[in-house]
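Notes follow the structure.
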Amino acid sequence: MKAQRLGVNVDHVATLRNARGEAYPDPVAAALLAIAAGADGITIHLREDRRHIRDADVPAMKAGIDKPLNFEMAATEEMVEIALAVRPHACCIVPEKRTEVTTEGGLDVVGHEVALRGIVGRLKAAGIRVSMFVDPDPVQLRASAAIGADIVELHTGGYAHGAAGELERLVAAARLTAELGLECHAGHGLTFDNVAPVAAIAEVVELNIGHFLIGQAVFDGLPAVVRRMKALMVAARAG
Ligand code: PXP
């Protein structure tokens with residue numbers, strides 16, 4: 001089975017920083033600790049309202065780490081221009097509503113094929129790998145392949161909240177993603193307790209995990225938490 005990468009999302013280090021308007025805790029410092037503990041990449045989401053990651057964090061993160069940077073972004077002209085200026089390793093296109101507390105559902109690729117095709121083309125022309133954050137729905141996977149995406153990231157939020165049949169949907173979606181010739185990632189709501197079944201899906205080569213890791217780091221420290229998550233992933237794939 002292919003090795004599986006852990007992308008650590010450090011958005012909520014910035015949430016904590018912004019709560020007091022100080023310069024600490026620093027998301028780049030957190031990213032470096034996570035990498036030293038085994039993270040294979042770092043993920044950040046510059047939301048339209050800048051509630052956690054802010055504009056200056058994006059080039060600072062790109063310059064500060066020596067592992068791939070995955071930039072989550074809404075499909076807007078403003079975000080495309082930032083991505084083209086910073087040139088992260090990958091961009092993950094996510095849906096965004098100002099009123100949501102987190103990314104609640106997958107992107108509707110089918111409903112926005114024309115606009116998304118243009119964005120994917122511009123990002124890929126700049127050498128950036130492009131991912132679509134979608135629900136484990138065959139229609140959205142096929143549309144992602146049709147518009148030229150390199151990767152789909154499967155939204156694991158339904159599974160994490162215990163929705164019936166969601167693990168089976170993820171397994172089937174991962175298989176179809178590979179058949180369509182796309183790389184398969186997964187994430188959202190993953191914890192020590194629920195990560196193993198998703199980590200065990202052979203086609204899923206990257207998990208992106210944030211909120212739980214940063215929260216648990218308050219108790220155990222970020223390096224210990226990253227090491228434990230990585231170990232759980234490795235154990236799940238070893239069967
Ligand atoms: N993947 C994507 C595309 C996301 O938007 C998020 C949340 O920012 C995650 C993964 C990580 O989710 P969580 O913070 O629940 O681990």
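The values are calculated or read from the model by the stated rules, or taken from the named source; none is laboratory data. Just so you know, these numbers come straight off a predicted model, no measurement behind them. Here the Cβ is made from the backbone with ideal geometry for all residues, glycine too, and neighbour counts use every protein chain on show. The accessibility values were calculated without ligands, DNA or RNA, using every heavy atom of the protein model including side chains. Shrake-Rupley method; radii C 1.70, N 1.55, O 1.52, S 1.80 Å.
Could you list, in sequence order, all residues of the stretch 1-55 that are among the acidic types (Asp, Glu), more than 22 Å from Ile82 (Cα to Cα) and free of Cβ contacts under 8 Å to residues at least 24 places away in the same chain? Step through it out loud before you land on a result.
Filtering the stretch 1-55 for residues among the acidic types (Asp, Glu) gives 11, 22, 26, 40, 48-49, 55.
Remaining after also requiring more than 22 Å from Ile82 (Cα to Cα): 22, 40.
Of everything in the stretch 1-55, just one residue is among the acidic types (Asp, Glu), more than 22 Å from Ile82 (Cα to Cα) and free of Cβ contacts under 8 Å to residues at least 24 places away in the same chain, namely Glu22.
Out of all the residues in the stretch 67-82, which are open to solvent by less than 80 Å² (accessible area, probe 1.4 Å) and either over 15 Å from the mean Cα position of the chain (by Cα) or over 18 Å from Asn9 (Cα atoms) (or both)?
Within the stretch 67-82, Ala75, Thr76, Met79, Val80, Ile82 meet the criteria.
Can you tell me which of Ala75, Ala60, Ala39 is part of a loop (DSSP other than H, G, I, E, B) and farther than 21 Å from Phe212 by Cβ?
Of Ala75, Ala60, Ala39, the one residue that is part of a loop (DSSP other than H, G, I, E, B) and farther than 21 Å from Phe212 by Cβ is Ala75.
Quick check on the stretch 201-209. Is at least one of its residues among the acidic types (Asp, Glu) and buried (at least 17 other Cβ atoms within 10 Å of the Cβ)? Walk me through how you get there before you give the answer.
Taking the stretch 201-209 as the starting set, the residues that turn out to be among the acidic types (Asp, Glu) are 203, 206.
Now drop any that are not buried (at least 17 other Cβ atoms within 10 Å of the Cβ), which leaves 203, 206.
Among the residues of the stretch 201-209, at least one is among the acidic types (Asp, Glu) and buried (at least 17 other Cβ atoms within 10 Å of the Cβ), which makes the answer yes.
Leu123 - would you say it is among the aliphatic types (A, V, I, L, M), within 15 Å of the ligand (Cβ to nearest atom) and buried (at least 20 other Cβ atoms within 10 Å of the Cβ)?
No; evaluated as a whole, the condition is false for this residue.
Considering the stretch 91-117 alone, what residues qualify as being of a type in the set (Gly, Ala, Ser) and farther than 20 Å from Gly7 by Cα?
Selection gives Gly111, Ala115.
Which one is nearest to the chain's Cα centre (by Cα) among residues in the stretch 83-120 that are among the acidic types (Asp, Glu) and surrounded by fewer than 16 Cβ atoms within 10 Å (Cβ to Cβ)?
Glu104
Among the residues of the stretch 168-194, which ones are in contact (Cβ under 8 Å) with a residue 12 or more places away in the chain and either of a type in the set (D, E, K, R) or near the ligand (Cβ under 10 Å from one of its atoms) (or both)?
Result: Arg169, Arg175, Glu183, His185, Ala186, Gly187, His188, Gly189, Leu190, Thr191.
Could you give me the residue pairs with C-beta distances under 8 Å whose first residue belongs to the stretch 68-79 and is within 13 Å of Ile53 (Cα to Cα), whose second residue is aromatic (Phe, Trp, Tyr) wherever it lies, and which are 6+ apart or on separate chains?
Partner pairs satisfying both residue conditions: Glu72/Phe133.
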